[in-house]
Amino acid sequence: MLNEYDHKKIEAKWQKYWETKKLFAAADKSDKPKYYCLVEFPYPSGDGLHVGHPRSYTAIDILARKRRLQGYNVLYPIGFDAFGLPSENYAIKTGIHPSITTQKNIETFTRQLKALGISFDWSRVIETTDPKYYKWTQWIFLQMYKHGLAYKAKIPINWCLSCKIGLANEEVVGGVCERCGGIVEKREKEQWMLKITKYADRLIADLNTVDYLEKIKTSQINWIGKSEGVNFKEKVKDLDIEFEVYDSIPQTFLAQTFTVIAPEHPLVEKLIKGTEYEKPVREFVKKIKDQKAENRFELENELEGIFTGRYVDNPFGTGDFPIWVASYVLADYGTGIVNCSAHDQRDWDFAKKYSIPLKIALLPKDKKLAEKVKNLEVFYRELDGILQEPEEFKGLSWDKAREPVIRYIEKHKLGKPQVNYKLRDWVFSRQRYWGEPIPMVFCQNCKETGASPDGWVPVAERDLPVKLPDVKKYEPTDNGESPLAEITSWVNTKCPVCGGPAKRETDTMPNWAGSNWYFLRYIDPKNDKHLADSKKMEYWAPVDWYNGGMEHTTLHLLYSRFVYKFLWDIGAVPKNCGSEPYQKRTAHGMILGEGGVKMSKSKGNVINPDQVVTELGADTLRVYEMFMGPFDQAIPWDTKGVIGVRRFIEKVWTIYNGGVKIVPEAQKDLVFLTNKTIKKISQDIETQNYNTAVSALMILANKIIEIGSMDKDVAEVFLKILSPFAPHITEELWEQLGYKKSISCQEWPQFNSALIKEEEVELVVQVNGKFRDRIKVSPDVTEQRVEILARESEKVNKYLEGKVVKNIIFVPGRLINFVI
RNA sequence: GUCAGAGUGGUGAAAUUGGUAUACACGCUAGCCUUAGGAGCUAGUGCCGCAAGGCAUGAGGGUUCGAGUCCCUCCUCUGACACCA
């Protein structure tokens with residue numbers, strides 16, 4: 001009678017074993033080399049674990065388990081990023097305190113994660129909502145403030161009408177609020193800002209020192225959007241107004257003929273005041289603003305503008321530029337004012353529409369085309385265009401002229417070089433309850449005495465954390481203040497500087513605040529003196545391998561690199577940890593619902609991991625998620641595919657439970673394939689080709705069954721290389737083989753390169769590149785010998801008969817090709 | 001529109017990185033077994049063709065002895081960002 005495969009019993013047994021033996025707790029002191037691998041910690045939502053979570057966690061678990069077998073001291077921690085809107089919105093709806101909901105959700109997540117058999121170090125769990133944790137989140141804010149990186153500014157922000165909070169540019173998706181999908185309008189509001197732009201250059205440059213997927217580097221670079229150009233100094237004719245105009249391609253400055261200004265620009269009002277243009281321009285500005293507010297603004301459709309009646313006193317002496325208000329100009333990029341020439345498609349279209357005269361700076365080499373361009377018949381902007389002015393650079397191409405023209409502009413004091421970034425400083429204030437309070441107070445007295453020019457005073461470090469008080473209502477107040485503003489007993493406090501009455505900042509931090517630095521806290525999660533002990537950081541930091549979603553590339557990943565760099569700069573992170581937090585960053589693809597659409601409750605296509613674990617087992621779920629397709633690609637869930645993997649797991653069970661005999665003598669074919677498989681699995685784990693790794697394991701299992709017997713070495717190796725993927729069943733079978741010590745404490749097998757050297761290889765014979773036959777030869781056979789053997793083949797001869805062989809291509813170990 | 005990525009059987013996908021296209025799985029077909037099954041076993045399964053053989057990696061061109069892989073043009077999808085001067 002065969003032993004039945006009972007995944008429930010086996011998985012519960014080994015999960016308990018790992019937990020009681022503390023097998024995966026990382027040691028802070030060890031002779032072994034360290035390895036720190038990390039996955040993005042989850043937000044514990046009320047929906048429970050998504051099947052997407054195990055994809056990333058299993059992948060890095062495989063790595064962690066392999067590294068342990070390879071002799072590393074591995075840190076693979078987990079925690080919860082628990083501040084956030086869903087809990088707060090739930091509290092608004094139900095009146096249940098977010099901390100209660102959060103604790104409940106964390107319990108669910110913990111149970112679900114443990115059921116997956118992921119080798120997390122559960123002794124280091126952190127929660128961003130724990131005051132002992134956010135004490136240090138607040139501490140980091142104070143350091144930023146003290147180093148001039150946190151400042152309060154009244155700036156136009158994205159205001160979500162329904163959430164009643166300010167959003168970072170990065171959080172507005174398609175003109176609407178990323179969280180609620182509500183209308184976003186521009187509103188002026190005092191906000192705490194973090195000066196990430198100060199780090200922009202380093203955030204680009206240091207990408208050279210890390211091993212990130214190329215597409216991650218590219219999207220960070222594009223997000224930061226560094227652009228080097230020139231700021232021209234200009235003056236409005238007949239008015240005492242000066243301003244600057246940014247141009248990222250200043251080579252063509254002598255062709256500029258008009259100037260456009262953003263409708264929202266404060267200067268617009270000054271330009272038109274008291275003139276006949278006042279009324280129509282105001283109406284136009286209002287129209288555009290309204291369109292933008294209602295999100296009806298489609299740029300591609302409409303280029304609209306209106307003349308202000310004013311001119312720029314042209315510094316280049318080529319005629320004054322009329323100033324137009326144009327719908328397509330952004331108020332918050334560059335200076336909000338742009339000089340236009342015929343070399344930008346939009347400017348060209350705009351000028352055509354309103355019959356504004358244009359000049360040409362670049363002419364193509366092609367004479368016919370040059371004539372058309374000159375007559376303004378066609379739009380032209382090419383890198384190999386020839387510059388016409390200024391005279392001393394005439395004949396240079398656009399890209400070659402760039403540097404000399406910039407120097408020329410500087411020399412003639414027409415403007416100065418200016419670097420602009422697409423990246424904005426980070427709006428760090430939220431008018432919300434469920435976040436870390438910003439540890440600042442406002443003191444009128446200190447403002448008056450000048451102790452603090454703007455009245456803002458940091459809370460003393462010894463008074464951290466500033467704990468989040470209980471409130472009765474969780475809604476933001478009607479004027480947009482955080483619900484904290486209504487708790488006067490909390491708001492009214494003493495100024496840490498003068499001791500006089502002061503008021504607390506009632507804004508809280510965004511949900512990225514806690515995830516900026518969490519990987520440092522795992523190193524020393526219970527430290528109450530520092531965010532983490534220096535010695536421990538020196539040992540563990542930086543993270544060796546960090547995996548997460550592609551969607552976090554430009555927000556979380558960039559923000560946390562910035563915060564880490566800052567902490568490193570001020571010495572809060574030891575110098576020898578290096579200036580980058582993550583040595584390697586990879587990204588996993590999403591798991592979609594069946595049919596390739598996103599899983600969502602409303603579509604009813606959500607797969608519950610609990611159910612899969614209960615019915616088919618964690619090992620099956622893990623192996624399936626690794627097998628389903630390329631790791632970095634979005635893949636639809638396939639219920640039938642899971643069953644295929646379950647069959648494989650059962651097959652493995654059968655092999656070790658009477659299906660295959662363990663015999664003393666080694667089987668040559670099997671030893672060969674086993675060694676090849678060790679090599680493949682070892683490589684595939686490093687390159688994240690988990691799907692082909694699983695397929696290799698299946699091929700080996702099929703081979704073992706086909707042969708019907710295996711020696712003990714093969715029996716052991718197979719379990720060892722399968723164990724990172726399917727840890728429970730392999731532990732059980734390992735024990736069945738008679739071993740007392742867990743398979744998690746063994747050594748990762750080495751392949752024997754002598755054994756994977758083939759004694760005979762199959763060589764392909766081609767005629768004119770077409771496959772005709774294959775012949776078996778020894779690997780070091782000579783070309784002459786192969787040619788003779790190939791010509792002996794009838795199939796080949798058929799094609800060679802009566803033909804002249806012009807050439808023979810011979811690739812050792814691969815093929816011979818007759819060219820006739 | 002910009003940037004990035006991708007198009008291979010009925011499906012998810014492999015392809016030693018320029019060298020036998022379709023590994024491994026799912027599904028399907030036939031047979032066996034079973035009281036029954038998300039069960040098991042055996043054989044088959046890219047397309048056309050009785051066969052010999054021919055044709056197939058989004059379309060078209062090119063480089064090469066040889067292209068899924070490299071180059072050019074185009075088409076289609078996916079994701080991110082929205083007027084970035």
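The values are calculated or read from the model by the stated rules, or taken from the named source; none is laboratory data. Predicted model, so just to flag it, every value in this text is computed and none were measured. Here the Cβ is made from the backbone with ideal geometry for all residues, glycine too, and neighbour counts use every protein chain on show. Ligands, DNA and RNA are stripped out before the accessible areas are found, and what is left, the full protein with its side chains, is counted by its heavy atoms. Shrake-Rupley method; radii C 1.70, N 1.55, O 1.52, S 1.80 Å.
I need the helices (runs of 4 or more DSSP H) fully contained in segment A:51-151, keeping only those with at least 2 residues that are modelled with pLDDT of 95 or more and open to solvent by 10 Å² or more (accessible area, probe 1.4 Å).
Filter on segment A:51-151 gives A:52-69, A:98-114, A:131-146.
A:V597 falls short on exactly one of the conditions (1) in a loop (DSSP other than H, G, I, E, B); (2) farther than 18 Å from A:P42 by Cα; (3) touching a His at 6+ places or on another chain (Cβ under 8 Å), and that condition is (3). Listed by first and then second residue, the pairs linking a residue in segment A:77-102 that is closer than 30 Å to A:K34 by Cβ to a residue that is in a helix (DSSP H, G or I), with Cβ atoms under 6 Å apart and 6 or more places separating them unless they lie on different chains, are A:P77/A:R124; A:F80/A:I106; A:A82/A:T102. In the set A:E170, A:E178, only one residue is closer than 26 Å to A:S579 by Cα and at pLDDT below 70; that residue is A:E170. Looking at segment A:750-763, is at least one residue in contact with an Asp or Glu (Cβ under 9 Å, 6 or more places away or on another chain) and crowded, with 16+ Cβ neighbours inside 10 Å? The answer is no; no qualifying residue exists.
Taking A:K416, is it more than 30 Å from A:G480 (Cβ to Cβ), within 16 Å of RNA strand B (Cβ to nearest atom) and open to solvent by 60 Å² or more (accessible area, probe 1.4 Å)? Yes.
Residue-level check: of (1) more than 49 Å from the chain's Cα centre (by Cα); (2) under 30 Å from A:K8 (Cα atoms), A:K803 misses just (2).
Based on this model, can you work out whether A:A790 counts as open to solvent by less than 20 Å² (accessible area, probe 1.4 Å) and closer than 30 Å to A:K114 by Cβ? Against the criterion (open to solvent by less than 20 Å² (accessible area, probe 1.4 Å) and closer than 30 Å to A:K114 by Cβ), A:A790 does not qualify. Looking at A:T730, A:T692, which is the one that is under 39 Å from the mean Cα position of the chain (by Cα), more than 16 Å from RNA strand B (Cβ to nearest atom) and under 30 Å from A:A12 (Cα atoms)? One residue alone meets the criteria, A:T730.
Yes or no: segment A:511-521 includes at least one residue that is closer than 21 Å to A:P131 by Cβ, open to solvent by 30 Å² or more (accessible area, probe 1.4 Å) and among the charged types (D, E, K, R). No, segment A:511-521 contains no residue that is closer than 21 Å to A:P131 by Cβ, open to solvent by 30 Å² or more (accessible area, probe 1.4 Å) and among the charged types (D, E, K, R). In segment A:259-271, the residue that is most open to solvent (accessible area, probe 1.4 Å) out of those that are over 10 Å from A:I337 (Cα atoms) and more than 11 Å from RNA strand B (Cβ to nearest atom) is A:K270. Exactly one residue out of A:V764, A:V714, A:V786 is touching a helix residue (DSSP H, G or I) at 6+ places or on another chain (Cβ under 6 Å) and either outside any loop (DSSP other than H, G, I, E, B) or without any contact (Cβ under 8 Å) to a residue 12 or more places away in the chain (or both), and it is A:V714.
Inclusion of A:R402 among residues that are more than 16 Å from RNA strand B (Cβ to nearest atom), part of a helix (DSSP H, G or I) and surrounded by fewer than 19 Cβ atoms within 10 Å (Cβ to Cβ) is not warranted.
Restricting attention to segment A:595-640 and to residues that are near RNA strand B (Cβ under 10 Å from one of its atoms), surrounded by 13 or more Cβ atoms within 10 Å (Cβ to Cβ) and of a type in the set (S, T, Y), the residue that is nearest to A:D6 (Cα to Cα) turns out to be A:T614. Is there a residue in segment A:733-755 that is in a helix (DSSP H, G or I), within 16 Å of RNA strand B (Cβ to nearest atom) and farther than 30 Å from A:K584 by Cβ? Checking segment A:733-755: not a single residue is in a helix (DSSP H, G or I), within 16 Å of RNA strand B (Cβ to nearest atom) and farther than 30 Å from A:K584 by Cβ.
Scanning segment A:223-258 for residues that are within 11 Å of RNA strand B (Cβ to nearest atom) and among the polar types (S, T, N, Q), we see that the one that is surrounded by the fewest Cβ atoms within 10 Å (Cβ to Cβ) is A:S248.
Which residues, counting only those in segment A:205-222, are of a type in the set (A, V, I, L, M, F, W, C), open to solvent by 20 Å² or more (accessible area, probe 1.4 Å) and within 14 Å of RNA strand B (Cβ to nearest atom)? Before you say what the answer is, go through the steps one by one.
Initially, segment A:205-222 is screened for residues of a type in the set (A, V, I, L, M, F, W, C), giving A:205, A:207, A:210, A:213, A:216, A:221.
Going one step further and asking which of them are open to solvent by 20 Å² or more (accessible area, probe 1.4 Å), we end up with A:205, A:213, A:221.
Across segment A:205-222, the qualifying residues are A:L213, A:I221.
Okay, residues lined up against (1) open to solvent by 10 Å² or more (accessible area, probe 1.4 Å); (2) touching a Phe, Trp or Tyr at 6+ places or on another chain (Cβ under 9 Å); (3) away from RNA strand B (no atom under 16 Å from the Cβ); (4) of a type in the set (D, E):
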position	(1), (2), (3), (4)
A:S482	no, yes, yes, no
A:G499	yes, no, yes, no
A:D524	yes, yes, yes, yes
A:M550	yes, no, no, no
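Assessment of segment A:446-457 against the conditions (free of Cβ contacts under 8 Å to residues at least 40 places away in the same chain and in contact with a strand residue (DSSP E or B) (Cβ under 9 Å, 6 or more places away or on another chain)) yields at least one matching residue. Scan segment A:371-379 and give yes if some residue there is open to solvent by less than 20 Å² (accessible area, probe 1.4 Å) and within 12 Å of RNA strand B (Cβ to nearest atom), otherwise no. Looking through segment A:371-379, none of the residues is open to solvent by less than 20 Å² (accessible area, probe 1.4 Å) and within 12 Å of RNA strand B (Cβ to nearest atom).
For segment A:766-785, the set of residues classified as open to solvent by less than 100 Å² (accessible area, probe 1.4 Å) and either over 48 Å from the mean Cα position of the chain (by Cα) or closer than 22 Å to A:K798 by Cβ (or both) consists of A:Q766, A:V767, A:N768, A:G769, A:R772, A:D773, A:I775, A:V777, A:S778, A:V781, A:T782, A:E783, listed by residue number. Applying the criterion of being out of contact with any His (no Cβ under 8 Å at 6 or more places or on another chain) and part of a helix (DSSP H, G or I) to the residues of segment A:14-32, the residue that is surrounded by the fewest Cβ atoms within 10 Å (Cβ to Cβ) is A:T20.
At least 3 residues being more than 8 Å from RNA strand B (Cβ to nearest atom), within 19 Å of A:E234 (Cα to Cα) and not hydroxyl-bearing (S, T, Y) is the threshold, and among the strands (runs of 3 or more DSSP E) wholly inside segment A:298-366 those reaching it are A:305-312, A:321-326.
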